[in-house]
Structures are given as structure tokens and as C-alpha cells.
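Shown next, in C-alpha cells, is the structure this report addresses.
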Amino acid sequence: GSVTKAGEYAEGGQLTAEGLSGEPYNQAHLFEGASEEETKAIVAQLNEINTQMPLGGLASYLRRARNLLSDAKNDVNPLSGFVPHVPVGERLVGDKGVGTEYYAEIERLGMSQLSKCAFCLVAGGLGERLGFPGIKIGITAELTTGATFFEKYARYILAFQAHARQATGDINLLLPLAIMTSGDTHVPTVQFLAQNKNFGLSSEQIVLMEQAKVPALMDPEARLGKKDGLVETKPHGHGDVHSLLHKHGLPKKWQAEGRKWLVIFQDTNPLAFRPMCAFIGVSAANDFVMNSVCVPRIPTENIGSICKLEGSDGSHKTINVEYNMLEALLRETPLGGDRPDETGFSPYPGNINILIFGIPTLAQRLEETGGLMPEFVNPKWTGPDRSAFKSSTRLECMMQDFPLLCGPQDKVGFVLMDRYMCFTCVKNNLKDAPHRKPHDCALTCEADLYASNIKLLRHCGAVVEIEEPETTTFLGISVKMGPRLVLQPSFSMCLEKLKARVFGKIKISRKSSLIVEGDIFIHDLDLDGALDVSGSGEIKGQVVKNAGQPLENIPEDEFSSQPPSLQIRGYRCSIGEVEVLAL
């Protein structure tokens with residue numbers, strides 16, 4: 001430790017108040033009228049920030065900030081001069097969609113790659129805005145099993161791992177999982193994993209990477225803001241996942257272990273995992289260095305779009321363009337703006353930030369850049385002369401901007417799939433959700449999970465008769481809800497696995513709920529009620545009729561005594577009746 005520290009500071013030693021006051025820092029205002037104690041504290045804080053930052057430390061951050069703020073002041077558009085084109089990628093819809101032979105092939109290709117995969121969860125968020133007093137990955141995803149979001153992810157990774165062990169014959173094979181936390185979520189995440197024994201994952205396959213904040217900027221000269229006697233800091237954005245992966249040496253290590261694909265996924269979208277093998281298959285078939293999972297985008301919808309941008313020099317970049325910049329960029333195209341094509345959707349796919357990277361190239365590009373992602377700044381100006389900010393700002397970066405680090409030889413693409421198969425999220429609380437379109441709350445997310453399982457079951461080759469959903473409303477939020485199906489990854493981690501496990505005639509009524517876990521085969525099932533099957537074996541000609549366990553409103557007088565995951569919903573699962581089969 002001490003040797004490298006000395007080496008690191010050999011050029012100029014520790015930062016001092018005097019040094020920070022002059023070039024290239026120009027932060028003398030921080031120390032004006034400050035006591036000796038305060039000055040010491042600020043200097044210590046900035047020294048720590050300086051060592052945590054990638055390339056060039058604080059001086060480089062301030063230099064980049066001044067350049068970006070000058071561009072912002074002069075209204076420089078980073079996209080000016082670029083001509084947008086529809087990007088190249090795979091659209092797994094229509095005759096290539098779920099249930100087709102094409103889809104089956106691409107899924108099988110992905111399954112063959114699972115032993116070479118690593119995973120990374122971006123988990124810097126708290127559930128405060130949702131009214132949940134904890135980390136978002138600790139929120140219950142659905143009430144039928146009561147599993148949290150993280151448990152859902154762990155179950156998929158364990159199922160992928162079990163498949164990879166079987167395929168390779170290596171019974172000790174582990175698929176690594178890196179988790180990016182923030183200052184807010186780091187300690188609660190450590191505790192959450194410990195309390196739940198990592199949900200079955202082994203400690204050696206998990207790496208936690210804590211993201212640091214960056215100094216806040218209070219004016220276009222990039223003078224740092226103060227708060228409570230210290231420099232104010234703000235989040236730098238999820239693009240830090242790249243510098244953290246690099247700092248922890250993971251892409252290089254994974255490459256040395258022969259791993260090929262890194263999947264970066266979000267904290268409240270478990271839907272993306274069932275078709276994950278297909279997404280990985282698309283990366284493998286096309287040799288994509290970066291592959292963005294996309295959904296058909298409704299014009300003006302506030303999600304970014306993947307565009308192929310052509311520069312004036314003839315160069316091309318396939319990259320995400322944020323929704324607030326799309327209209328201006330697309331105005332010159334034949335569509336004349338952010339408008340639908342003949343499909344009713346935008347021809348530019350909507351990015352949901354599930355990203356798959358080719359590990360060897362990722363490792364190389366991060367090595368070349370020290371893991372620093374291109375940044376942007378978004379100041380809120382006080383007036384048209386753009387001389388001052390309404391409140392402090394900071395540099396930010398986004399993980400989907402990785403193509404800016406790539407060369408012309410690096411293939412960047414996308415895979416598009418119908419939304420019901422791969423996208424849901426929880427971002428609105430009970431008060432706001434009724435007024436938001438889509439509602440994007442705990443109830444809609446839960447309904448999305450069941451609906452996608454119903455769709456999958458209809459594609460599995462059996463004769464499937466499932467009663468149509470009906471509108472269900474809790475606290476002013478309405479969703480269409482049919483039977484509540486939970487097909488655990490250990491039973492069917494993807495459609496190809498499901499096809500090999502369900503046969504004959506499957507009949508399920510609307511009020512039913514079904515949980516299937518483990519090495520189970522189903523031949524004929526008539527379900528009107530609640531059934532929970534687990535273990536190893538087959539069920540044949542099973543007929544189940546009971547009261548079931550319908551969802552119910554939480555009475556107002558019981559509301560405050562409910563656990564937080566129910567308080568953010570306003571409904572619970574009734575005790576009712578359930579048939580349990582442990583084979």
C-alpha cells in the first residue's frame with residue numbers, strides 16, 4: 001500500500017489549500033473566511049476525491065467541466081453535423097418473434113454461451129420515491145411467491161449456472177455477479193445479502209463496487225459549491241459502472257478466465273431475464289461488442305433511442321440518443337421528426353438499458369481510457385444570458401455511451417423485442433401512479449410478470465386454454481390481470497426449456513395462481529384455484545379446484561401495520577386455499 005501511495009504523489013505530493021487556490025484548480029473561494037478546521041476538512045475531502053477519480057484526478061475533472069460548461073453556455077449541440085439512420089440489429093418480432101423457429105435457434109445459441117457469461121447489476125437506488133424505506137432490489141416483485149427483485153435475479157443466475165455446469169461438465173463453475181452500489185445503498189446491500197445468505201449465490205461469485213460522488217459545480221467557471229462546511233457532492237451517473245469494473249480489474253480477469261459476455265441489468269426489471277438467452281444469442285451471432293436490448297418505441301415517449309449517426313467525414317456511430325434530443329435530430333429525416341412509421345412505432349428502437357458487452361473488447365477499450373466515460377453537463381440557467389445556475393450542477397455520464405470509446409471495427413447493435421416480453425419497471429409511488437401513463441408501479445410490474453408467463457405458456461407447444469384477464473383496481477390504479485403464473489427459472493429459464501417440460505392440455509381459470517419450481521414436467525393440468533409445485537418429478541392429469549389465494553385490498557385501519565412492500569401496493573395476497581405438491 002504505502003509504496004504505491006508515495007509513487008502516486010511523487011509529482012506534487014498531497015493537494016494543499018494553497019495549491020487548490022491557484023492554477024489549474026482555482027478554488028480559492030472555498031477557503032475564504034474558513035477556519036483552520038474547515039480548511040483542513042475541505043483539503044482532506046478533496047484529496048480523497050482526487051484519489052478516487054479516474055484519469056487525471058480532480059484537475060482533469062475541472063478542466064473537462066470548464067470545457068463542457070463553455071459548450072453549454074454557447075449552446076453547442078454535440079449532435080450537430082450528424083445525420084441519423086435506422087441502426088442495424090435483430091428485431092425478434094413477427095416471423096422472428098417468440099415461438100418461431102428462428103427465435104428457438106437464437107435462444108439455443110445463447111444457451112450454449114451461458115458458461116462464458118458474467119452479470120452486473122446497477123443497484124444505486126433507494127425506494128424512497130416509491131415510499132419504500134430501503135434499497136429497490138429489496139422490494140417484493142410479486143406477492144404470489146413474495147420474492148424480492150434481487151431474489152428473482154439470483155434465481156435466474158443460478159438456473160443459468162446449473163445449465164452451464166451440465167453443458168460443460170464443470171460442477172464448480174460459477175457465473176460472476178458484480179453489483180454497483182452507491183453511498184446510499186452500499187451498507188444496506190451488504191446487510192441484505194448477508195441476511196438472505198446471498199439468495200443461494202456463493203460469496204466468491206459476488207463483487208460489490210461502490211460508486212463515489214463527484215464535486216458539485218456552482219458556476220460556469222467550475223468553482224465548487226459548499227454545503228455544511230464541506231464541498232457539496234452529487235452522483236456522477238451510471239456510466240461509472242465502466243470505471244468501477246475497470247478499477248476492480250473485472251473485465252481483464254473475466255477475459256483471462258475465457259468469459260465472453262457481460263450482461264448489465266437494471267434493478268426493477270426481472271422480465272428481461274426470460275429472453276436473456278435469445279439476447280446473448282444475438283450478440284454471439286452478430287459478434288456485437290455492445291448490444292442494447294430495445295422495445296418498439298412510441299414517438300415522443302421519454303426513453304432514449306438507438307440511432308446510427310453518420311458524421312460529416314463519413315464515419316458511423318451506433319449509439320443511444322436521449323429523448324429530449326431526438327426531435328431536433330430527426331427533423332431533417334424523411335419522417336420530419338420523432339414520428340411513427342407504417343408500424344405505428346418509431347423506426348428507431350427504444351433503449352431499456354439492458355446491455356450486453358463482448359468482454360475482450362470491453363476490457364481493451366476500458367484499458368485504453370482508464371474506464372472514464374464521456375461526460376455531459378445539464379445546468380439549469382437563471383436567465384437567457386447563461387451566466388449563472390439556479391442550483392449547482394455536476395458532470396454526468398451514462399453507461400450506454402460506451403460506443404463513444406469504440407473504433408470503426410467494433411460492431412455495435414441492438415436486439416428488439418415486444419415490450420411484454422422484456423420490459424417492466426417500478427418508478428412511481430401510489431400517489432403519482434394513477435396520473436402517470438404508463439403507471440409503472442408495483443401493481444403494473446407484478447401484472448406484467450404474470451402476463452408474460454401466460455404468453456410464454458401459449459408458445460410452449462401444449463394445448464393451452466387460459467381464461468382472459470379482467471380489470472383489477474387497487475387504490476385507483478387499474479391493470480388487466482389473469483391467472484398469476486410464476487414459472488421459476490429452475491423450471492424454465494427460457495422458452496426452449498419450457499417447451500421440454502409442458503405437454504398435453506393445460507387449462508387455467510382467471511382466479512388461479514400457479515407456482516412451479518424445480519425439475520418438474522407437466523402432462524395435462526386443469527387448474528381452478530391455487531397450486532404450488534416444487535421438487536423433481538412429473539404431474540399427470542392433475543385437477544385442482546379450491547378457493548385460491550386472490551389479491552385483496554388492505555383495509556385502511558390495517559394499512560400502517562403492514563410491511564413496507566405491501567404499503568407501497570395497497571393490496572395483499574389473501575390466505576385462502578392452496579394445494580401444495582412437493583415431489
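The values are calculated or read from the model by the stated rules, or taken from the named source; none is laboratory data. This structure is a prediction, so every number in the text was calculated from the model and none was measured. Cβ coordinates were reconstructed from backbone atoms using ideal geometry, including for glycine residues, and neighbour counts include every protein chain displayed. All accessible areas refer to the heavy atoms of the entire protein, side chains included, with ligands and DNA or RNA removed. Shrake-Rupley method; radii C 1.70, N 1.55, O 1.52, S 1.80 Å.
A few remarks follow.
- Tally of residues being touching a residue at least 12 places away in the same chain (Cβ under 8 Å), open to solvent by 30 Å² or more (accessible area, probe 1.4 Å) and closer than 30 Å to Leu245 by Cα across the range 35-49: 2
- Residues in the range 549-558 that are of a type outside the set (A, V, I, L, M) and either assigned to a loop (DSSP other than H, G, I, E, B) or open to solvent by less than 60 Å² (accessible area, probe 1.4 Å) (or both): 3 in all.
- Pairs where the first residue, in the range 459-471, is under 15 Å from Leu487 (Cα atoms) and the second is surrounded by fewer than 16 Cβ atoms within 10 Å (Cβ to Cβ) and among the aromatic types (Phe, Trp, Tyr), C-beta under 6 Å, 6+ apart: none
- Taken as a whole, the condition of being more than 30 Å from Arg129 (Cα to Cα), among the polar types (S, T, N, Q) and over 30 Å from the mean Cα position of the chain (by Cα) applies to Ser536.
- Matching option when the condition is touching a residue at least 24 places away in the same chain (Cβ under 8 Å), among the polar types (S, T, N, Q) and crowded, with 21+ Cβ neighbours inside 10 Å, among Ser490, Ser513: Ser513
- If the condition is being within 10 Å of Tyr348 (Cβ to Cβ) and either aliphatic (A, V, I, L, M) or not in a loop (DSSP other than H, G, I, E, B) (or both), then the range 297-319 contributes Ser305, Ile306, Cys307, Lys308.
- Evaluation of Ala178 against the conditions (1) over 16 Å from Ile157 (Cα atoms); (2) buried (at least 17 other Cβ atoms within 10 Å of the Cβ) shows that the sole unmet condition is (1).
- Filter result for Lys308 (of a type outside the set (Ser, Thr, Tyr), open to solvent by 50 Å² or more (accessible area, probe 1.4 Å) and touching a His at 6+ places or on another chain (Cβ under 9 Å)): yes
- A Cβ distance below 9 Å, combined with a sequence gap of six or more or placement on separate chains, defines the contacts here; from the range 157-174, residues that are in a helix (DSSP H, G or I) reach residues that are open to solvent by 70 Å² or more (accessible area, probe 1.4 Å) in the pairs Arg165/Ile171; Arg165/Asn172.
- Subset of the range 87-96 that is open to solvent by less than 70 Å² (accessible area, probe 1.4 Å) and in a loop (DSSP other than H, G, I, E, B) - its residue that is farthest from Val289 (Cα to Cα): Val93
- Test: residue in the range 221-228 that is more than 22 Å from Gly358 (Cα to Cα), open to solvent by 60 Å² or more (accessible area, probe 1.4 Å), of a type outside the set (A, V, I, L, M) and touching a His at 6+ places or on another chain (Cβ under 9 Å): yes
- Residue check for Leu69: open to solvent by less than 50 Å² (accessible area, probe 1.4 Å) and at pLDDT 95 or above: yes
- Selection of the range 15-57 for residues being part of a loop (DSSP other than H, G, I, E, B) and modelled with pLDDT of 90 or more yields Leu15, Thr16, Gly22, Glu23, Pro24, Tyr25, Asn26, Gln27, Glu32, Gly33, Ala34, Ser35.
- With respect to the stated conditions, Arg458 fails to be over 25 Å from Ile157 (Cα atoms), open to solvent by 60 Å² or more (accessible area, probe 1.4 Å) and out of contact with any His (no Cβ under 6 Å at 6 or more places or on another chain).
- Filtered residues of the range 121-140 (kept if at pLDDT 95 or above and under 18 Å from Ile354 (Cα atoms)): Leu121, Val122, Lys136, Ile137
- Of the residues making up the range 421-455, just one is open to solvent by 40 Å² or more (accessible area, probe 1.4 Å), within 20 Å of Ile515 (Cα to Cα) and under 20 Å from the mean Cα position of the chain (by Cα), namely Asp448.
- Matching entry among Gly99, Gly81 (being within 26 Å of the chain's Cα centre (by Cα) and either part of a helix (DSSP H, G or I) or surrounded by fewer than 16 Cβ atoms within 10 Å (Cβ to Cβ) (or both)): Gly99
- Restricting attention to the range 229-264, the residues that are open to solvent by 10 Å² or more (accessible area, probe 1.4 Å), more than 19 Å from Leu355 (Cα to Cα) and either part of a strand (DSSP E or B) or in contact with a Pro (Cβ under 6 Å, 6 or more places away or on another chain) (or both) total 3.
- Filter result for Asp267 (modelled with pLDDT of 95 or more and either more than 24 Å from Glu375 (Cβ to Cβ) or buried (at least 19 other Cβ atoms within 10 Å of the Cβ) (or both)): yes
So that you can scan it fast, the table gives a plain yes or no per residue for (1) in a strand (DSSP E or B); (2) surrounded by fewer than 16 Cβ atoms within 10 Å (Cβ to Cβ):
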residue	(1), (2)
Ser536	yes, yes
Gly541	yes, yes
Ala547	no, yes
Ser560	no, yes
Ser565	no, no
Glu577	no, yes
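- Considering the conditions (1) open to solvent by 80 Å² or more (accessible area, probe 1.4 Å); (2) among the acidic types (Asp, Glu); (3) within 23 Å of Trp381 (Cα to Cα), Glu32 is excluded by exactly one of them, (3).
- Those residues of the range 189-227 which are farther than 30 Å from Ala34 by Cα, among the hydrophobic types (A, V, I, L, M, F, W, C) and in a strand (DSSP E or B), in sequence order: Ile206, Val207, Leu208, Met209
- Taking the criterion of being without any contact (Cβ under 8 Å) to a residue 24 or more places away in the chain and under 15 Å from Met209 (Cβ atoms), the only residue of the range 251-272 that qualifies is Lys253.
- With respect to the conditions (1) within 27 Å of Ala44 (Cβ to Cβ); (2) surrounded by 24 or more Cβ atoms within 10 Å (Cβ to Cβ), Met218 falls short on a single one, namely (2).
- Selection status of Asn324, in contact with a helix residue (DSSP H, G or I) (Cβ under 9 Å, 6 or more places away or on another chain), more than 11 Å from Asn351 (Cβ to Cβ) and modelled with pLDDT under 90: no
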